[in-house]
Amino acid sequence: MIRRLLLLLVLAGPVMAEETGEETIVSGLSQNRVSITADFDGSEILVYGAVRRNAPPPEGGPLSVIVTVEGPATPVIVRRKGQVAGIWVNTDEVQIDSAPSFYAVVTTGPLDQILSDTENLRYAITIERVIRAVGISQEASRSGEFILALLRVRTQEGRFRLLEGKVELTDDTLFRADVVLPANLTEGTYKVRLFLLRDKQVVAHQERLIGVRKVGLERFIFNLAREQPLIYGLLSLALAAVAGWGASALFRFLRA
Amino acid sequence: MQLYLPIAEVSVNAFVLLGLGGIVGFLSGMFGVGGGFLITPLLFFIGVPPAVAVATGANQVVASSISGVLAQLRRKGVDFQMGGVLLAGGLCGSAIGVWVFRLMTAAGQVDLFIQLSYVFFLGLIGVMMLRESLGSMRRARVPGAPVRRSHVHSWAHRLPLKMKFRASGLYISIIPPAIIGALVGFLAAIMGVGGGFIMVPAMIYLLGMPTRVVIGTSLFQIIFVTAFTTIMHAVSSQTVDMLLALLLILGGVIGAQIGTQVGARLKAEQLRVLLSLLVLAVSVRIAVDLLVTPVELFSVAPGVMP
């Protein structure tokens with residue numbers, strides 16, 4: 001297994017982090033591109049790597065690894081329902097400037113034991129830190145509640161994931177993490193970040209990108225809808241007309 | 001078989017979509033309603049974003065209505081004159097409806113507005129139809145009971161601009177059908193449906209048209225109203241999902257053909273009782289959503305760039 005991973009490292013053209021500390025990351029991804037085809041039903045990304053050292057491992061706490069995968073961010077509106085005259089209606093809303101469409105955190109152990117708050121603040125590792133809530137409107141004073149609701153809703157949808165203890169670390173050197181991308185994936189560039197930690201401090205980090213693109217029929221339909229909306233609309237109608245007439249003709253033929 | 005929808009950006013089972021299309025098409029062919037009031041909530045339920053569900057639902061209704069009209073045409077069940085008058089009114093009403101819809105969207109309460117109009121109109125029409133059709137079934141069972149005249153001479157016959165509607169056997173003013181068309185077009189644009197469930201009872205009870213031509217004429221009119229809606233959505237919000245529509249249509253056109261056959265075998269009163277029960281069920285279902293405390297009070301919607 002280890003030999004195969006090392007072979008993969010060589011083949012995939014490993015990217016080396018800047019030499020900032022004594023330990024650096026050498027990493028690879030099982031794929032740099034995810035193609036959304038008509039039968040796309042989610043995808044699995046294997047993030048693997050090794051710790052490169054020029055000297056024996058430094059003194060200090062055990063080595064930990066955190067891998068994050070972040071999808072393209074969009075602004076979102078979180079609405080809350082309230083009871084007005086007996087019926088439930090949307091009463092409050094909070095605009096959140098930027099929330100990732102997908103976010104997974106995979107670690108070697110429980111986050112609170114391997115990551116300090118200051119390092120989390122500095123590198124924006126947990127999902128709470130990633131969501132920029134600067135533009136929350138003033139009138140809704142309990143905006144924290146809305147951010148928690150966003151986390152809860154997206155976690156239920158499988159868009160936000162925290163997988164503690166799912167990074168495999170071998171001999172304090174080799175590591176791998178499997179991240180499952182869901183079927184309801186948004187197109188765009190996905191950012192993979194790798195962090196090495198000792199004593200809750202980040203000692204090395206690295207960033208890589210995965211392109212998620214619609215291809216084939218999916219690409220064609222999507223582009224046509226965006227670039228030629230009138231033609232697209234007429235084409236949809238023509239499709240409907242042909243199908244409607246075709247079924248009618250077919251049934252008459254079958255009965256005749 | 002899972003299928004990734006390019007515009008909705010979700011992956012759904014292709015057979016579920018075929019099945020949904022089939023059920024809605026069946027009802028469409030049987031009752032002469034477009035089925036928009038069923039397909040849209042069903043698509044929400046399987047996780048298609050609301051904007052895509054409304055727009056693609058309209059596209060699907062076009063196909064099942066065409067299929068249904070062609071079947072009705074062979075039974076001489078389409079009154080083109082009446083359909084034309086209704087349609088002229090319908091397009092005017094639809095344009096006003098689109099404008100009101102935009103005002104409600106700006107006010108941020110469009111979901112509530114749609115839900116309330118569903119509950120109110122479906123409930124009202126369901127109750128009216130159920131009462132009337134149960135009454136006429138009871139009369140039919142009692143021998144010697146006075147037969148209700150198919151249509152009575154009313155204020156509608158004293159208005160100017162009279163026209164002969166041969167297929168319906170009516171000689172009435174074009175003003176009432178034009179007003180009904182406009183009203184239905186208005187509601188259709190607001191609720192994102194073809195409006196057949198309002199049009200069918202309006203043609204029977206308000207215009208006194210024979211049931212024989214009601215379904216075909218209603219479908220004829222729905223084709224154009226939903227085609228108009230589809231184009232509007234495709235151009236303004238790019239929310240028509242062609243792949244989703246194709247699967248719903250495939251199921252729908254087949255369902256519509258079977259529905260038309262079954263509908264032709266049932267008695268008109270039975271058909272109306274069934275339709276009214278269906279309409280009431282959808283109305284109650286939406287009302288329950290509004291009244292029961294939701295499990296999740298919060299909802300997440302895509303925002304706009306500030």
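Given in Å, the Rg to one decimal and the Dmax to the nearest whole number for the Cα atoms of the stretch A:2-214 are 19.4, 71.
Round to the nearest 0.05 the FRET efficiency obtained for residue B:236 and residue A:83 when R0 = 35 Å and r is the Cβ-Cβ distance. Walk me through the numbers before you get to the answer.
Working: r = 33 Å, r/R0 = 0.95.
So the FRET efficiency works out to roughly 0.55.
Quick one: length gained pulling residue A:54 to residue A:217 fully straight, 0.36 nm per residue minus the C-alpha distance? Mind dumping the intermediate values first?
Numbers: separation 163, 0.36 × 163 = 58.68 nm, distance 4.98 nm.
Working it through step by step, the gained length comes to 53.7 nm.
So if R0 is 25 Å, what FRET efficiency would residue A:200 and residue A:180 give, r being the distance between their Cβ atoms, rounded to the nearest 0.05? Here the calculated transfer efficiency is 0.35. The slack in the chain from residue B:2 to residue B:80, taken as 0.36 nm per residue of separation less the alpha-carbon distance, amounts to 23.9 nm.
Summing -39500 (n - 2.57) over the DSSP H runs of n ≥ 4 in chain B and dividing by its residue number, what mean residue ellipticity at 222 nm do you reach, to the nearest 500 deg cm²/dmol?
Working: 10 runs with 210 residues, N = 306.
Mean residue ellipticity at 222 nm (helix-derived): -24000 deg cm²/dmol.
Across peptide A:53-63, the average count of Cβ atoms from other chains found within 10 Å of a residue's Cβ is 0. The C-alpha atoms of chain A define a longest principal axis, and helix A:2-11 lies at about 70 degrees to it.
What is the fewest-to-most order of B:288, B:295 by other Cβ atoms lying within 10 Å of their Cβ? The partial results should precede the final answer.
On the way: B:288 10, B:295 5.
Fewest-to-most ranking of B:288, B:295: B:295, B:288.
Quick one: Debye curve from the alpha-carbon atoms of the stretch A:37-87 only, equal weights, vacuum; give me log10 I(q)/I(0) at q = 0.14, 0.19, 0.22, 0.28 Å⁻¹ to two decimals. For the stretch A:37-87, the Cα-only Debye profile gives -0.79, -0.96, -1.07, -1.24.
Per-residue ellipticity at 222 nm from helix content only, as computed over chain A with -39500 (n - 2.57) for each DSSP H run of at least four residues, stands at -9500 deg cm²/dmol.
Can you order the peptides B:115-121, A:80-86 by their average number of other Cβ atoms within 10 Å per residue, highest first? Could you put the intermediate results ahead of the total?
Numbers: B:115-121: 18.3, A:80-86: 11.6.
Result, highest mean first: B:115-121, A:80-86.
Between 0 and 90 degrees, the angle of helix A:229-255 with respect to the longest Cα principal axis of chain A falls at about 60 degrees. Shielding by partners for A:225-238, please: the mean number of other protein chain Cβ atoms within 10 Å of each residue's Cβ. The per-residue average across the peptide is 6. Take every Cα pair under 8 Å whose residues are at least 6 apart in sequence, average their separation, divide by the length of the stretch B:1-134, and the relative contact order is 14 percent.
Taking 7 Å steps out from each Cα toward its Cβ at residue B:277 and residue A:155 produces label points 4.5 nm apart.
With contacts taken as Cα pairs under 8 Å and at least 6 residues apart, the stretch A:2-214 reaches a relative contact order of 31 percent. When you count the other C-beta atoms within 10 angstrom of each residue and take the mean per peptide, B:247-258, A:118-129 line up highest first as B:247-258, A:118-129.
For peptide B:232-242, the mean count of partner chain Cβ atoms within 10 Å of a residue's Cβ comes to 5. Relative contact order of chain B, taken over Cα pairs closer than 8 Å and 6 or more residues apart, is 39 percent. Hydrodynamic estimate: the Kirkwood radius of chain B over Cα pairs, inserted into Stokes-Einstein at 4 °C and 1.567 mPa s, corresponds to D of 65 µm²/s. Here, the stretch A:98-235 is characterised by an Rg to Rh ratio of 1.06, where Rg is the alpha-carbon radius of gyration and Rh the Kirkwood radius.
Measure nothing but the geometry: give the 0 to 90° angle between the long axis through the Cα atoms of A:143-156 and the longest principal axis through the Cα atoms of chain A, rounded to 10°. Helix A:143-156 sits roughly 80 degrees off the main axis of chain A. Shown is the FRET efficiency for residue B:295 and residue B:104, computed with R0 = 35 Å from the Cβ-Cβ distance and rounded to the nearest 0.05: 0.85.
Work out which helices of chain B, taken as complete DSSP H runs, extend at least 30 Å along their axis over the Cα atoms and score a mean Kyte-Doolittle of 1.0 or more, then list them.
Working: long enough: B:50-74 (36 Å, 0.94); B:80-107 (39 Å, 1.38); B:110-141 (46 Å, 0.84); B:211-236 (38 Å, 1.38); B:242-265 (34 Å, 1.57); B:268-291 (34 Å, 1.68).
Once both thresholds are applied, what remains is B:80-107, B:211-236, B:242-265, B:268-291.
Viscosity 1.002 mPa s, temperature 20 °C: Stokes-Einstein D of the protein assembly as shown from its Kirkwood Cα radius, in µm² per second? Working shown, then result.
Working: Rh = 26.8 Å.
D, rounded to a whole number, is 80 µm²/s.
Working note: Cα atoms of the stretch B:196-306, range along each principal axis, descending, whole Å: 55, 36, 28. Summing +1 for each Lys or Arg and -1 for each Asp or Glu among the other residues whose beta-carbon sits under 13 angstrom from that of residue A:29 gives +2.
Read the figures in this text as sums done on the coordinates, not as results from a lab. All values derive from a computational prediction rather than experimental measurement. All Cβ positions, glycine included, derive from the backbone under ideal geometry; neighbour counts span all protein chains shown.
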